[in-house]
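The values are calculated or read from the model by the stated rules, or taken from the named source; none is laboratory data. What you are looking at is a predicted structure, and each value in this text was computed from that prediction instead of being measured. Positions of Cβ are backbone-derived with ideal geometry, glycine not excepted, and every protein chain shown enters the neighbour counts. Heads up: the accessible areas ignore ligands, DNA and RNA and are worked out on the full protein's heavy atoms, side chains in. Shrake-Rupley method; radii C 1.70, N 1.55, O 1.52, S 1.80 Å.
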Amino acid sequence: MLLGEPSPSLAKINTMNMVKLTEKITQLEEEETRVGAKLSRLEAVDPLPEEKIAAVKDLLARLDALKKAAAERLAGKAERKALREQGRL
């Protein structure tokens, strides 16, 4: 569950390795930039399309939550990897 909705993206994030998580975080940051630019364009339109603006803001919140989840997962994996390596030394 992500922001109260089922999330296939979150399920995928939970199965990714460290390399894929790093790529996913980068992809989410790029998507966040594109969606932010779209929001700016929508806010510049004279009759403000309130519904579209609300949908884009919801998408931005979802992208941010996915990025944070991926970053937390990556940090956890990195910590566990470091602990495993210390145990082997």
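Summary table
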read-out: Per-residue HN-Hα couplings for the stretch 26-35 [Karplus 6.51, -1.76, 1.60; θ = phi - 60°; Hz; x = Gly/Pro]; value: 4, 4, 5, 5, 5, 5, 4, 5, 5, 5
read-out: Residues of the chain: accessible area per residue with a 1.4 Å probe, Å²; value: 72 Å²
read-out: Accessible-area composition of the stretch 24-74, carbon plus sulfur, in percent [1.4 Å probe]; value: 54 percent
read-out: q = 0.16 Å⁻¹: log10 I(q)/I(0) that the Debye formula gives for the chain, counting C-alpha atoms only; value: -0.71
read-out: Dipole magnitude (debye, nearest 20) for the chain, charges at Cβ of Lys, Arg, Asp, Glu; value: 680 debye
